[in-house]
Amino acid sequence: VKHSKQSFAGAFFWVIGLTIAGASNAATNLAIGVKHPEISKRVVQIMEELHYAKPQIDNSLSSAILDRYLDSLDSNRLYFLSTEIATFGRYRYEFDERLRSGELQPVFDIFNAFSARTEERVSYAIEILANEPDFNLDETFRFDRSELSWPVSEAALREIWRKRIKNDGLGLVLTGKTWAETVEILTERYTRLAKRVTQITSDDVFETFMNAVAHTMDPHSSYLSPRNSEEYRIAMSLSYEGIGASLQLQEDYVTIINIIPGGPAQVDGQLKPEDRITAVGQGTGGELVDVIGWRLDDVVDIIRGPLGTTVRLQVLPAGAAPGSPEQLISIVRDKVKLEEQAAKSQVLDIPRGDHDYKIGVISVPSFYQDHAARSQGDAEYTSTTRDVTRLISELKSTKIDGLVIDLRANGGGHLSEATELSGLFIERGPVVQLRETQGRVQPLDDPSPGEAIYSGPLAVLVDRYSASASEIFAAAIQDYERGVVVGQQTFGKGSVQNLFSLDRIMREPGYGQLTLTIGKYYRVTGDSTQYQGVEPDIQLPSSIDLDRVGESIRDTALPYDRIRPTRFRAKQSLDDEIQRLEAQHTARTTTDPNLNYLISDIAAFKTIRDVETISLNLSQRTIERENLDKQQLERANLRRVALGLNPAESLEDLSSEDTPDILLEEAGRIVADMAALDAAGKLLTKLN
């Protein structure tokens, strides 16, 4: 699945617990709005003058804009025929001039055609539900068609829909539903799909098209309509009782975009980015309601609820094919709590021969700062750096032998916190360089030069979801040779955005807002963190697929490049030490039951994730599910037996508490190895 492609409904973005977007008024034949031409002209002007890449919106970009807009409407090639796409091609080299003139009615004509095709496809879907399909036939369904051509005929498109509907029905039959119950659920699902399209407004269509324009520049530039701009503003100032996750509608699935630090989902730990919600149940025993095809705000309404109550989410795991086994996750609704967003510490006891090493761990979920309190002169303002300083002091008082800074799933935050946190571990010098659109390069120095507050063995634990400010910190620790970075290649988000209020620029309300990329971050070595992220010194196994997550999978991502290094003084090279640490880690991957379990689990899930077609035969699908459950239980029991535990009788007997945080434990072992090497080196120096 190409994550750079976004379904039309994906333009409506919600945060459960911090929420964006709202309901639309019904519309059937949409036309360009009064203010759309003015917005179009001004956005093009701002983009060409201020975007980091200094783009020229010409025929080449016009062609890319059309392709991206069509993808946003029909990314899975389920509605339009190739002949219709060819007809839309008459606009291929016109959008550059139309954006400048504001003559964008063809954008709405294309959407109106999409709306009509949606109604036709849904009518056909409901019509063929009248006859129960033959689940004994050996047929397959290709669920991801985003890289395929549009169907060439109505018959070919109907065949695709027939198989899609059969797969939808088979998924429900496998859960024990009768065909009558299946028909009822699917009829409601498809009817909602058609209704959702009729509720889209002209502003929604314009927003989607302007995002197609913005995303041809880079994935992080975007446009928000006036309504969604206001919803965003309100959302950032309120707190709701929910699960604490950002959601987006992709195709017919409500998809987890990210987990909000401090929210119930982050505390629970089971829900992951790119998971797709297929059903929602209230309480511990309420009926699961199918939500595939629902409008995003309708799903949000049933996920949110009274504080302290339970909501159950039936989830199709990230990357799994539709119809694959689903997970049931229970989450207690709560507010996003500041104390849950804050950095936390713990101590791991790592045995080494006759010595137990005490390894401190500080988990940093985001780079946060109470900017308002700091601006008002509050000496006790909350920030990542202040909290980590306090936690290090507490850990040092317990005589820790080493420290892990855990930045997994940390998507960034305040740039100033990244530089200040880096300053806790280096004595002085630049932390990162910022290059602006006009080419000016500004080094950002350690704001508090002087002796580092911690100088012992140090590892920074990262994964593919560590981004932006996390990458700045990890890169600084690596470049100064202050510690080792362990885990997975990071996200690669090394660009800087600025928000432009079009209402302020136009000096009246009703124009929305533009987010534009206006700079890039560079390491002190001159390397950009953009696109390639930070490569760890020691790779750890991860279930996050680099080919599905990260900046490098986005087709319009700004490229990696280099600028001149800035002056800095690194500590003594860690290359020899890293080689030894990596050898010790590699040895553990063959002997440690937890690492073996993790590696085998990752390999099994990759096999599932790489499947492109799925069987439509009931017996075969049943066998596949039973085999998957059997294999999962076998992997879990191999681990349990190796650890001296009794094997489980079934998957229901397994608990998430049974499995520790394997990657954190291994990061702790690596730091213990560092401490042992450090102690050996000091002993040798003393003897000499």
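The numbers here are math on the coordinates, done by the rules we state, and not lab data. Not measured: the values here are computed from a predicted model. All Cβ positions, glycine included, derive from the backbone under ideal geometry; neighbour counts span all protein chains shown.
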Exercise for review: Compute the relative contact order of the chain as a whole-number percentage, counting only Cα pairs closer than 8 Å that sit 6 or more residues apart in sequence.
Suggested key: 14 percent
Revision key, fill the gap. Projected onto the charge dipole of the chain (unit charges on the beta-carbon of Lys, Arg, Asp and Glu, signs +1, +1, -1, -1), the Cα from GLN579, ASN76, PRO351 with the largest positive-side position is that of GLN579
Check your understanding: So who's got an amide H within less than 5 Å of the one on TYR357, skipping anything under 5 residues away but keeping other chains? H placed 1.01 Å off N, in plane.
Key -> ILE350, ARG352
Check your understanding: Using 1/(1 + (r/R0)^6) with R0 = 51 angstrom and r between the beta carbons of ARG562 and ASP134, what's the FRET efficiency to the nearest 0.05?
Key -> 0.25
Practice item. Would you mind computing, in nm to one decimal, how far apart the modelled labels at SER123 and VAL34 are, each placed 7 Å from Cα along Cα→Cβ? Key: 3.5 nm
Check your understanding: With helices defined as uninterrupted DSSP H runs, which ones in the chain have an alpha carbon span along their own long axis of at least 18 Å and mean Kyte-Doolittle hydropathy of at least -0.5?
Key -> 36-50, 59-74, 105-128, 154-173, 179-198, 202-215, 593-609, 662-687
Exercise for review: Post the alpha-carbon centroid distance, the range 522-591 to the range 315-380, in whole angstrom.
Suggested key: 22 Å
Point to revise | Förster radius 22 Å - calculated FRET efficiency between SER330 and ASP298, Cβ distance, rounded to 0.05 | key: 0.55
Check your understanding: Do you know the relative contact order of the range 342-574, to the nearest whole percent, from alpha carbon pairs under 8 angstrom that are 6+ apart?
Key -> 17 percent
Point to revise | In Hz, Karplus ³J(HN,Hα) per residue of the range 246-252 (6.51, -1.76, 1.60; θ = phi - 60°; x = Gly, Pro) | key: 7, 10, 8, 8, 10, 6, 9
Check your understanding: Once amide H atoms are built 1.01 Å from N in the peptide plane, which residues 5 or more positions from VAL291, or in another chain, come under 5 Å H to H?
Key -> ALA279, VAL280
Exercise for review: With a cut-off of 13 Å, note down the residues of the range 138-180 whose backbone N falls inside the zone around a label point 7 Å from the Cα of LEU288 toward its beta carbon.
Suggested key: 171-177
Revision key, fill the gap. Cα gyration tensor of the chain diagonalised, 5x eigenvalues square-rooted, in angstrom largest first, produces semi-axes 44, 34, 22
Review point. Considering the zone a paramagnetic label at LEU628 would reach in this model (a point 7 Å from Cα along the Cα-to-Cβ line), which residues of the range 295-319 have amide N under 19 Å from it?
Key: 313-319
Point to revise | Normalised contact order of the range 544-688, rounded percent, pairs of Cα under 8 Å and 6 or more residues apart | key: 26 percent
**Study point:** Mean Cβ count within 10 Å, highest first, over the residues of peptides 477-485, 93-101
**Key:** 477-485, 93-101
Practice item. Grab the beta carbon distance between ARG352 and ILE602, set R0 = 25 Å, and tell me the FRET efficiency rounded to 0.05. Key: 0.40
Revision key, fill the gap. So the compactness index of the range 342-574, its C-alpha Rg divided by 2.2 N^0.38 Å, takes the value 1.07
**Study point:** Estimated dipole of the chain in Debye, rounded to 20 [Cβ of Lys and Arg +1, of Asp and Glu -1, Cα centre]
**Key:** 1200 debye
Practice item. Tell me the label-point distance for the pair THR591, GLN442, using the 7 Å Cα-to-Cβ offset, in nm and rounded to one decimal. Key: 5.2 nm
Revision key, fill the gap. Dividing the surface of the Cα convex hull of the range 238-332 by four yields a projected area in nm² of 5.7 nm²
